[in-house]
Each structure stands twice: as C-alpha cells, then as structure tokens.
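**Q** Please find one structure pasted underneath; my questions will follow.
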C-alpha cells in the first residue's frame, strides 16, 4: 500500500518514507526505515524533519526506541485502491512521472 495521492507530490525521499511507513503500518525505527529507503542518512533525516514539521508522521517512544508512524490522513482507506493498494490514477501518474 502507498501513501495517498495528495501526498505524492513531495520530494522523492519523503514519498519513499511515507510509502514505507504506510506499507508497514505498525511503525518503524530510523534504522528500519534506512533499510527500506535507499538514501544517505542525512537525506533521510531531512525528509523525516520535513514530514514531522508538516504533520505527516508521528513519533513515539516505545521500549526506549523512537517509533515513526504515518499520520492517519496519509494512509489511504481500503476502498481507495486495488489489491496492491495502488489506485488506477496513482499508476497513471507514476507512469507519466508525475
């Protein structure tokens, strides 16, 4: 599953972070995100800061670890896409590079 289309016009790293978080659902640590988003740590930190500032991710401390989750408004409803969580419109935009 991917983040809602309205959040896909952001920086490529930010979109990758949102997609990874939406797909995982239960939250991820920075280290887990680093394995899913293929960017340098500085770019990942910058993306996380921007997403946090815009209220698109939430963070909590669990067992001494910082866990990052997508904000509820970023997660698509079950009826917004097909089986893989990608709507037809999203696939068209991706193919066009938008």
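The values are calculated or read from the model by the stated rules, or taken from the named source; none is laboratory data. Bear in mind that the values here come from a model prediction, so they are computed numbers and not experimental data. With ideal geometry, Cβ positions are generated from the backbone for all residues, glycine too; neighbour counts draw on all protein chains shown.
**Q** Run residue 44 past the list (1) touching a residue at least 24 places away in the same chain (Cβ under 8 Å); (2) under 27 Å from residue 89 (Cα atoms); (3) assigned to a helix (DSSP H, G or I) and report the number of the one that doesn't hold.
**A** Looking at each condition in turn, residue 44 falls short on (2).
**Q** Given (1) at pLDDT 90 or above; (2) within 16 Å of residue 22 (Cβ to Cβ), where does residue 83 come up short, assuming only one miss?
**A** Single failed check for residue 83: (1).
**Q** Which residues, counting only those in the stretch 47-74, are outside any strand (DSSP E or B) and closer than 15 Å to residue 6 by Cα?
**A** 51, 54, 55, 56, 71, 72, 73, 74
**Q** Which numbered condition trips up residue 39, out of (1) part of a helix (DSSP H, G or I); (2) over 12 Å from the mean Cα position of the chain (by Cα)?
**A** All conditions are met except number (1).
**Q** Return yes or no: is residue 56 surrounded by 13 or more Cβ atoms within 10 Å (Cβ to Cβ), within 24 Å of residue 93 (Cβ to Cβ) and in contact with a strand residue (DSSP E or B) (Cβ under 6 Å, 6 or more places away or on another chain)?
**A** no
**Q** Something else now. Looking at this structure, is residue 24 touching a helix residue (DSSP H, G or I) at 6+ places or on another chain (Cβ under 6 Å), surrounded by 15 or more Cβ atoms within 10 Å (Cβ to Cβ) and at pLDDT below 85?
**A** No.
**Q** While we're here: Looking at the stretch 32-43, is at least one residue out of contact with any strand residue (DSSP E or B) (no Cβ under 6 Å at 6 or more places or on another chain), modelled with pLDDT under 85 and either on the phi < 0 side of the Ramachandran plot or crowded, with 19+ Cβ neighbours inside 10 Å (or both)?
**A** No: zero hits.
**Q** Hey, another quick one. When you scan the stretch 1-14, how many residues do you find that are touching a helix residue (DSSP H, G or I) at 6+ places or on another chain (Cβ under 7 Å) and in a helix (DSSP H, G or I)?
**A** Total meeting the criteria: 4.
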